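For reference, the structure is listed below as structure tokens.
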Amino acid sequence: MEGTITDADLEALALKVEEAARSTEEGVRYFIEPAPGTLRRAVAKRHHVIFGRRGSGKSSLLRKAGADLTVDRRPIAHVNLETYKSHSYPDVLLSVLIATFKAFSEWMRTAAVSPANKTSFWDRLFGTKPRRAAFNRKECAALVTRLDTQVKQLEEQLHSSDSSDMTVTRERQSEASENVGLGAKIGQTSASINAEMKSGNTIKRGESVQESICSTRCEHGLSL
């Protein structure tokens, strides 16, 4: 009977819904705006803070915005900070910079220079052709080389065995003595008596000096 929904159809639909519950690169083809104008504002040339409850479509919006910007040949770097939430400073800063530079480098190697007729790249990932011409391949290659050099230097700093930030406390002590004397002397030609009484107090003075030492990774990382 035509129009009948079978169990197999329901299972296939349930699988599609389950897959769509998590944001994926393939899911940008089926993106639906949570509200009119949301996507247009997301790709505007200004800073945005996107917030919402779990499963409200935040990641899907970011992926769709990134796809549209890529089709327009505008450089993007998508970095998931969740990966580095357990990293301490300055490792977290170095890790985020490495991921960002790698993402820009990958964009320069692919979306920046891929011709519009390369369907294996554009149709497979975005389902459409770019709206602008490709960038100069030689200039992009030079930028990739610079980015790769920076990534290598950052990775060396990240994995170097360096001392972390620490505070060193040094104690300084000084001593001072106070003596009080009382003496009496009785003298005769044949005998003399000499008595002396002293009272002494020792005073100790202490001073704590704290010095903060920052690792070279911290210093070099902040200068990049």
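The values are calculated or read from the model by the stated rules, or taken from the named source; none is laboratory data. These figures come from a predicted structure and were not determined experimentally. Glycine gets a Cβ as well: all are built from the backbone with ideal geometry, and neighbour counts include every protein chain shown.
A few comments on the model shown:
- Hey, R132 under 30 Å from T38 (Cα atoms) and modelled with pLDDT under 90 or not: yes
- Of the numbered criteria (1) in contact with an Asp or Glu (Cβ under 9 Å, 6 or more places away or on another chain); (2) outside any loop (DSSP other than H, G, I, E, B); (3) hydroxyl-bearing (S, T, Y), the one T100 fails is (1).
Conditions tested, residue by residue: (1) closer than 19 Å to K64 by Cα; (2) acidic (D, E); (3) in a loop (DSSP other than H, G, I, E, B).
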| residue | (1), (2), (3) |
| --- | --- |
| W107 | yes, no, no |
| W122 | yes, no, no |
| R132 | yes, no, yes |
| R146 | no, no, no |
| L154 | no, no, no |
| Q157 | no, no, no |
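- Within region 94-114, residues that are within 18 Å of Q153 (Cα to Cα) have Cβ atoms under 7 Å from residues that are of a type in the set (S, T, Y) and modelled with pLDDT under 95 in these pairs: S95/Y84; V96/Y84, counting only partners at least 6 apart in sequence or on another chain.
- Single condition D72 does not satisfy, out of (1) within 16 Å of P130 (Cα to Cα); (2) loosely packed, with under 11 Cβ neighbours inside 10 Å: (2)
- P34 at pLDDT 85 or above and either exposed (fewer than 14 other Cβ atoms within 10 Å of the Cβ) or touching a Cys at 6+ places or on another chain (Cβ under 6 Å) (or both): no
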